[in-house]
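Only the coordinates and a few stated rules stand behind these numbers; no lab work does. Predicted, not measured: the structure shown is a model, and the values here were computed from it. For neighbour counting, all protein chains shown are included, and Cβ atoms are generated from backbone atoms with ideal geometry for every residue, glycine included.
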Amino acid sequence: MTTTAIPAEARSAPATAPKRRPKREREGAAWVFLSPWVLGAIVLTLLPMAVSLYLSFTDYDLFNPPKWVGLRNYVQMFTEDPRYWRSVVTTLTYVLVAVPLQLALALVVALALKGMKRGKGFYRSAFYAPSLLGASMSIALVWRAVFNDGGTVDNLLGTGGWVNKPGWALLAVALLTVWQFGAPMVIFLAGLQQIPAELYEAAAVDGAGKWRQFLSVTVPMLSPVLFFNLVLQTIQAFQVFTPAFAVSAGKGGPADSTLVYTMYLYDRGFVASHMGYASAMAWVLLLVIGVVTAVLFRTSRSWVFYASEGDR
């Protein structure tokens, strides 16, 4: 058997590591890949926001050049427009009704699905489907027909059409949002599956029943997921438009009972052609959502428990 001798120079030569590209070249490649997103963010988000901020200080009707008016739109909004404040009250009422009901229903269904042995995938998909369909105008129009005079609710309960009653119309809109509980339900279900079974076993050994286990184990361990859903659904609720628009036939009625904030913004901007006023409304809404989100994050320190931080 013959062997090939390896030259001494080859045996002693150290293995050379592949050369790394210069830092500037690597950063340049990263910016090339990021450029579509950066360009889209500037052209489609930041630039329109800057234009909207400028228009909020102008009198602009979409047809004539903007005319600078300073803070007049904001002053008129807060002191001279009663419909604006009605839209604020309507939106706050909607948020306070729709968000808790939606999260409660999503959590109940998630708890039921967690305990299922068979068919969990089918039911999870079935319950998630309304979240995909509910935001469409067609479903909102069907919802209006269900709650209209002579509709399904009227035939079953004999209460008349909800959409024609000022005291009930907003509840019909809120129920459409509650029906779209699929997205938070899936998130709750994922969170429930991460809770260790040993915690429930230890609670059972200590004599805790199902309700006590839910309060002492499920709620604390699920609190980060609950907080996440609460923030997302609250932000979405403040921006509700399609359900209210369809149920009220685009008028916010009856008696402005479904005139949510975004509907009034649409009315001022695209119906009355007061785009400067509508831009001011949009920026107030952005600030309010930011403040509400900050408050939720601030208060979460007292009720959200993170397993990795025992002092929380």
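Build a GNM of the chain with springs between Cα atoms under 10 Å apart, and of Met185, Met116, Met275 the one that fluctuates most is Met116. Computed from Cα atoms, the angle from the helix 82-114 axis to the main principal axis of the chain rounds to 50 degrees. Using a Gaussian network for the chain with springs between C-alpha atoms less than 10 Å apart, which of these wobbles most: Gly167, Gly207, Gly269? Answer for the Gaussian network model of the chain: Gly207. Under the convention that each Lys and Arg Cβ holds +1 and each Asp and Glu Cβ holds -1, the size of the dipole of the chain around its Cα centre is about 800 debye. Here the sum of -39500 (n - 2.57) over DSSP H runs of 4 or more residues, divided by the residues of the chain, equals -19500 deg cm²/dmol at 222 nm, to the nearest 500.
Labels on offer are (i) -0.26, -1.49; (ii) -0.45, -1.31; (iii) -0.29, -1.46, and the one holding log10 I(q)/I(0) by the Debye sum over Cα atoms at q = 0.07, 0.16 Å⁻¹ computed from this structure is (ii). Note on Glu27 and Ala255: the extension gain reaches 76.2 nm, defined as 0.36 nm multiplied by sequence separation minus the Cα-Cα distance.
Under 5 Å between amide hydrogens, built in the peptide plane, is the criterion, and for Thr58 it picks out Val69 among residues at least 5 positions away or on other chains. Which listed residue (Val225, Pro100, Thr262) has the Cα farthest towards the positive end of the charge dipole for the chain, taking +1 on Lys and Arg C-beta and -1 on Asp and Glu C-beta about the Cα centre? Most positive-ward Cα: Val225. A Förster radius of 30 Å combined with the Cβ-Cβ distance from Asn155 to Ala104 puts the calculated FRET efficiency at roughly 0.65. What angle do you read, to the nearest 10 degrees and between 0 and 90, between the alpha-carbon axis of helix 120-133 and the longest principal axis of the chain? With both axes taken from Cα atoms, the answer is about 50 degrees. GNM on the chain, alpha-carbon springs under 10 angstrom: the most fluctuating residue among Val32, Val108, Val231 is Val32. Compute the acute angle (0 to 90°) between the alpha-carbon long axis of helix 275-299 and the principal axis of greatest extent of the alpha-carbon atoms of the chain; round to the nearest 10°. Compared with the principal axis, the helix lies near 60 degrees.
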